[in-house]
Amino acid sequence: MRVLITAGPTREPIDDVRFISNRSSGQMGLALARAAADAGHDVTLLLGPVLVPAALSGEGAMRVERFSTTAELQALLDTHFPACDLLVMAAAVADYRLATPRTGKAPRSEGMRLELEPTPDLVAGVAAFKRPDQRVIAFALEEAAVLEERAAEKMRRKGVDAIVANPLATMDAGRVAAVLLTPDGDRHEPPATAGSGTDGPGQSKAAFARWLVAWIDRSPG
């Protein structure tokens, strides 16, 4: 299967020095790329401005292309999505960007007022044009109290085939206590998500990635 995975944050420039971004480490998307390649899939990883671990090279079929801004990621999706069987959209796209970034470095003495505009909804954009033989899995990062409710609403609104409901505590953590929701109302949870890891509840992101790839392989395409 030809798998396209996005990982990491976007950076939206304020000027040539400063940018708007988020705390995404890219660990989940990186783990998914490794798990998919290890399972024998042909993987293309679109990776944001995070460090590339050595484990990504030399094992399994994987290509890595880099992006920084939302516009750069959108261009890569336009290029690679038509040829994939599955897109896993794990990247954390910034919600806003400057309407007009400044050139050079804005002097601190001048102060700064930022005029922001929303970035395009990339996953909804590709899902709107997917073929019947393509699947799109999205991620929803939300507060625990409203996690599954908001994730299910996002899944319906974006028109994706499944969504990973991801608690805020996942950010910067090595573990995840996420569940997978599908449009038919099913709720899929990996075993032992209530573990007692030293860096948070759930299981390692690598273990969750292996479980998700196995679920994808079992589910009808």
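The values are calculated or read from the model by the stated rules, or taken from the named source; none is laboratory data. Worth saying up front: this structure is predicted, and the values here are computed from it rather than measured. When we count neighbours, we look across all protein chains shown, and the Cβ atoms used for this are built from the backbone with ideal geometry, even at glycine. The accessibility values were calculated without ligands, DNA or RNA, using every heavy atom of the protein model including side chains. Shrake-Rupley method; radii C 1.70, N 1.55, O 1.52, S 1.80 Å.
In summary, the lysines within cross-link reach of K154, defined as a Cα separation below 24 angstrom excluding same-chain residues under 8 places away, comprise K130, K205.
Calculated mean residue ellipticity, 222 nm, the chain: -7500 deg cm²/dmol, from DSSP H runs (n ≥ 4) at -39500 (n - 2.57) each, averaged per residue and rounded to 500.
Sites listed here are GluC sites (Glu not before Pro) in the range 68-163 whose DSSP assignment is loop and whose Cβ has at most 12 other Cβ atoms within 10 Å: E115, E143. Taking all protein chains together and rolling a 1.4 Å probe, R102 ends up with roughly 100 Å² accessible. The gain in end-to-end length when the V64 to R108 segment is fully stretched comes to 12.2 nm, 0.36 nm per residue minus the alpha carbon separation.
Peptide packing for 202-209, 157-164 was compared via the average number of neighbouring C-beta atoms within 10 Å per residue; ordered from the highest value, the list is 202-209, 157-164. Here the extension length gained between V17 and V146 equals 42.8 nm, from 0.36 nm per residue of separation less the Cα-Cα distance. Full extension of the chain segment joining T100 with D121 gains 5.6 nm, where the gain is 0.36 nm per residue of separation less the Cα-Cα distance. A crude spin-label estimate for the pair H188 and V52, with each label 7 Å from Cα along the Cβ direction, gives 2.9 nm. Of the beta bridges in the chain, as assigned by DSSP with both residues counted there, near 35 percent are antiparallel.
Under 1.5 on a/c is rounded, so check that first for the chain, then, if it is not, pick prolate when a/b is larger than b/c and oblate when it is not; a ≥ b ≥ c are the square roots of the alpha carbon gyration tensor eigenvalues. Prolate shape, in that a/c is at least 1.5 and a/b is the bigger ratio. Summary of packing: across the peptides 89-98, 10-19, 123-132, 182-191, the per-residue average of other C-beta atoms within 10 Å ranks them, highest first, as 89-98, 10-19, 123-132, 182-191. Pick from L47, L116, L73: which residue has the top mean-square fluctuation in a GNM of the chain where Cα pairs under 10 Å get a spring? It is L116.
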